[in-house]
Amino acid sequence: MTVSVNTAVNGSQSEAAGEPTVRSAESAVALRPHAEDAFAAELEALVATDDRPRPARWRLSPWAVATYLLGGTLPDGTVITPKYVGPRRLVEVAVTTLATDRALLLLGVPGTAKTWVSEHLAAAVSGDSTLLVQGTAGTPEEAIRYGWNYAQLLAHGPSRDALVPSPVMRAMADGMTARVEELTRIPADVQDSLITILSEKTLPIPELGEEVQAVRGFNVIATANDRDRGVNDLSSALRRRFNTVVLPLPESVEVEVDIVSRRVDQLGRSLDLPAGPDGIDEIRRVVTVFRELRDGVTADGRTKVKSPSGTLSTAEAISVVTNGLALSAHFGDGVLRPADVAAGILGAVVRDPAADRVVWQEYLEAVVREREGWQDFYRACREVSA
């Protein structure tokens, strides 16, 4: 959904006066389009060819939703790009869960594409991924249930006009998919406001003596971080309302390299970075370093290494490589080189300046320095680590 603001302000006059200029939707491109906008052509192609049964108010059949997530080629030759690279069965279980009356909880360590999968599932199922509650320590109950327009409330008292529906309430009323990000970061008492919604499919509004009953098609996708256990653990009553799907880390170097390459290519195009020569060698190095430090052992299993305090996730590898591409495009010759990714790796690995720097230095000297063909990479990392 794109919101545009039309204005009669003359752009050149505003800029000359040092004022911000509001441009029309035609001249502005979203930095990060929603999934349903970025992949609109693929979704439309799936809608046109999908002849399988669809649950109530679903835009696609479960089979087509899984195809959208995992990729494939349609009978008319349209290529659907993979949005998630991982076990097919996990995606099938997640999609099937949304077709039942159970909510879906995507669980995993940071960087396992929980948010990415959540967004694309909502886009494929409902055509709208924006009914989102972002979980934080300060998320209030109103973000899940409803709030009030206090000007209307004071002027006219409690009424439907004064009520401000939450994304969850809107999803219930329209039979759509709501998303709750970082569920375990939300305070426990606020989390539990979901229990009645998920079990009874009803949201009471005691101030009006009314309730909102969920329309068929409504469901909730929540995400939670393995590393956040103990922050605000889910109550057993709430956990029972979810079917949990654990998203794993990529199973091999090749799979992770493929994920990073695909996502970096997408980000590079969205950021208008010049397309340079293939940087697969540097991507492979970044992924290898992250996996070895994450696993505590080298790829050949011969050398144990210490792990730093950070997660060194696939998402962080994507960030390091994307930043390296920007450096090579704007301050280099357009070729991704070790010097372009070295600083990003250092920033990702050394989160605790005292402990992590020791881990990184030991890894450089014991592993990277001795690895054949990695001398340029070793020198670049030593230079930024000095």
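Determine the gain in length on full extension of the stretch SER309-ARG216; use 0.36 nm per residue of separation and subtract their C-alpha separation, reporting nm with one decimal. Please report the intermediate quantities before stating the final value.
Numbers: separation 93, 0.36 × 93 = 33.48 nm, distance 4.46 nm.
Difference between extended and current length: 29.0 nm.
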Amide proton proximity set for ALA222, modelled H, under 5 Å, gap of 5+: LEU104, LEU105, LEU106, VAL180
- request: Any chance you could get the radius of gyration and Dmax over the Cα atoms of the stretch 2-246, in Å?
  value: 20.2, 60
task: Please list, or write none, the lysines whose alpha carbon is within less than 20 Å of the alpha carbon of LYS83, excluding same-chain residues fewer than 8 places away.
output: LYS114
- request: Heavy atoms only, probe 1.4 Å: what % of the accessible area of the stretch 253-385 goes to carbon and sulfur, would you let me know?
  value: 50 percent
- request: Please report the base-10 log of the normalised intensity I(q)/I(0) for the stretch 139-276, using a Debye sum with one equal scatterer per alpha carbon and no solvent, at each q in 0.12, 0.21, 0.22 (1/Å).
  value: -0.67, -1.21, -1.27
query: Excluding ligands, DNA and RNA, what is the solvent-accessible area per residue of the stretch 237-328 at a probe of 1.4 Å, expressed in Å²?
result: 49 Å²
- prompt: Okay, helix-only estimate at 222 nm for the chain: each DSSP H run of n ≥ 4 adds -39500 (n - 2.57), divide by all residues, round to 500 deg cm²/dmol; what do you get?
  reply: -12500 deg cm²/dmol
message: If you count only protein heavy atoms with a 1.4 Å probe, what accessible area per residue comes out for the stretch 38-148, rounded to a whole Å²?
response: 40 Å²
- request: With a Förster radius of 45 Å, plug the Cβ-Cβ distance of VAL231 and ALA155 into 1/(1 + (r/R0)^6) and report the FRET value to the nearest 0.05.
  value: 0.65
- prompt: Pulled fully out, how much extra length does the chain show between ARG269 and GLU362, if you take 0.36 nm times their separation in residues and subtract their Cα-Cα distance?
  reply: 29.8 nm
- prompt: For the stretch 253-385, how big is Rg over Rh, using alpha carbon atoms and the Kirkwood form of Rh?
  reply: 0.95
query: Helix hunt in the chain: which complete DSSP H runs extend at least 27 Å axially by C-alpha with mean Kyte-Doolittle at least 0.0?
result: none
task: Starting from the Cα-Cα distance between ARG284 and THR100, subtract it from 0.36 nm times their residue separation and give me the gain in nm to one decimal.
output: 62.2 nm
task: Note down the relative contact order for the stretch 2-246 as a percent, whole number, built from C-alpha pairs under 8 angstrom at least six residues apart.
output: 21 percent
task: Would you work out the relative contact order for the stretch 253-385, in percent, from Cα pairs under 8 angstrom that are 6 or more residues apart?
output: 24 percent
Whole-Hz couplings from phi, Karplus 6.51/-1.76/1.60, listed for the stretch 193-204; x for Gly and Pro: 5, 7, 4, 5, 4, 7, 8, 8, 6, 9, 10, x
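The values are calculated or read from the model by the stated rules, or taken from the named source; none is laboratory data. Quantities reported herein were computed from a predicted structural model and do not represent experimental measurements. Note that we place each Cβ from the backbone using ideal geometry, even for glycine, and neighbour counts take in every protein chain shown. The accessibility values were calculated without ligands, DNA or RNA, using every heavy atom of the protein model including side chains. Shrake-Rupley method; radii C 1.70, N 1.55, O 1.52, S 1.80 Å.
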